[in-house]
Amino acid sequence: MTNELKIKNKIIPFNKKIEVSGDKSLSIRWILFSSISNKKCFAKNLLISEDVLATINAIKKLGIKVHRKDSTCTIYGKGIDGYTYKKNLVINAKNSGTLARLLPGLLIDTPYPIKIIGDNSLSKRDFKRIAEPLSKFGAKFKLKNNKGLPLIINGTKNLKPIKYFEKRGSAQCKSSVIFGGLKTKGTTTIIAKKSRDHTELLCKYLRLPIKIIKKKKYDIINISKINKIKNLNYKIPSDISSSAFFIVLAVLSSNSKLLIRNVNINPSRIGIVKILRKMNIKINFKNTKAYKGEKNADIEIKSPKKIKAINCPSSLNSGAIDEFLVIFLVAAKAKGVSYFKNLSELNEKESPRLKWGAYILNQMGIKTILKKDSIKIFGNPKLKIRKKIVIKNFLKDHRVFMASVIAAYSFGGEWKINDKDSIKTSFPNFLKIINKFIK
């Protein structure tokens, strides 16, 4: 069976209503919080992707009982000190940066070394950024080439609270230290650049000992050791990052309208919506409701007659870091030059996404000026592609694959896109939903 996708025709105008898969960030966090709960926890609409399954397998290796049927799941938590640590334990995070960075925060008291491994793409990413702060608690870490996976954790029972400055705007690093603080007597203080706050919201909902002082550019988070965690029953809302591909498909398809049901619209995650609104795109939230500390809503999108170029404020970067590949596609159709800056974090993902974003645009015939952490995109509202385009060798980055598919169906041309199996890591139903637009 071939692992490539061929696309030859643009999508015709549409008026659709869809649902996308459960939120990956919330699915993984639900599993981790449930594993340290003192009671049985139940979830519906859990994302069933390789990243989430890797998280389930990880907690099972730590002695946590799990029962799953399709997208429903029950986890029998054993409390904050309930993990069973065995000798020679190896945990495979596969492609999940969220798992590989968050879980070590819960393992800093292991009496035996634990090795965390991942696939080739994940192994090349930066894990020194979590090893350094977690080592201040008293645990010891060994990294390949002092940066990547495999990572070996040697824990300690003599954990000490720390003070940590998170300067990158990385929710993964922040969350890892929060988990470490939950295991440590005393008060751990995190001064964190603004980033997605799912972990903090779940801590608040569960009434854990966390205090947050919000400043303009950063948050001060104080976290203390917990004794018990109540059960966390959760219906996982749809993922805004997965929804982003279809939001942009609607934006780029003339005379089209789309409604995506029950999407998590956490303010720290809707950077794409804020950016697209600045580009003259009408996006409305309908049926907004609060749910266990989060906000969910239906998202309605109408294709615009004109798209404005943007000088994108850097303050919106962290809320859209996973969506820039498709935001760049919108800029390709805008009138004028769009400028995106301070995006070095984009090259710390599964692939160097800033470079891949420029490459895809260049293949489409769009001029770009690419620098180390910025890109200028010279939009062409009348762009039509009539040539063959091949996208390959992108380190099996699922977002590069999906962004390329959206580009092909939006702009035309004859495309061959490799590694379609890459979507299994985060959004296995992507092509199934795409098929609803072409039939």
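Just so it is clear, none of the values below were taken in a lab; they were calculated from the coordinates. Just so we're clear, the structure is a prediction, and the values are computed from it rather than from any experiment. Quick reminder, even Gly has a Cβ in these numbers, built from the backbone with ideal geometry, and neighbours come from all protein chains shown.
Dividing the helix sum by the residues of the chain, where each DSSP H run of 4 or more adds -39500 (n - 2.57), gives a mean residue ellipticity at 222 nm of -8500 deg cm²/dmol.
Converting phi to 3J(HN,Hα) with the Karplus coefficients 6.51, -1.76 and 1.60 and the offset θ = phi - 60°, the range 219-224 yields 10, 9, 10, 10, 9, 10 Hz in sequence order, with x at every glycine or proline. Sorted ascending by nearby beta carbons within 10 Å, beginning with the fewest, 74, 188, 368 become 74, 368, 188. Taking Cβ atoms as reference points and 9 Å as the exclusive limit, the residues near residue 184 contribute a net charge of +3, counting Lys and Arg as +1 and Asp and Glu as -1. Could you state, as a whole-number percent, how many of the C-alpha pairs of the chain are farther apart than 40 Å? Taking all Cα-Cα pairs of the chain, the fraction more than 40 Å apart is 17 percent.
With 10 angstrom as the radius, rank 425, 288 by how many other C-beta atoms surround their C-beta, starting from the fewest. Before the final figure, lay out the partial values.
Values: 425 25, 288 10.
Ascending Cβ contact count within 10 Å gives the list 288, 425.
If you take every residue apart from residue 213 with its C-beta less than 12 Å away from the C-beta of residue 213, what net charge results, scoring Lys and Arg +1 and Asp and Glu -1? Once positives and negatives cancel, what remains is +2.
Would you tally the net charge around residue 287, using a Cβ to Cβ cut-off of less than 9 Å, leaving residue 287 out, and scoring K and R as +1, D and E as -1?
Values: positive: 261, 286, 289; negative: 298.
Taking every Cβ under 9 Å from that of residue 287, the sum is +2.
Roughly what % antiparallel, to the nearest 5, for the DSSP beta bridges in the chain? Taking every DSSP beta bridge within the chain, about 75 percent pair in antiparallel fashion.
Which helices count as membrane-span-like in the chain under these terms: full DSSP H, at least 15 Å along the axis by C-alpha, Kyte-Doolittle mean of 0.0 or more? It would help to have the intermediate numbers written out before the result.
Working: long enough: 24-35 (17 Å, 0.58); 50-61 (16 Å, 0.13); 171-182 (16 Å, 0.82); 240-252 (17 Å, 2.45); 353-364 (16 Å, -0.18); 398-411 (20 Å, 1.09).
Flagged H segments are 24-35, 50-61, 171-182, 240-252, 398-411.
With springs only between Cα atoms under 10 Å, which of 343, 134, 46 fluctuates most in a Gaussian network model of the chain? Result for the chain, Cα springs under 10 Å: 343 fluctuates most.
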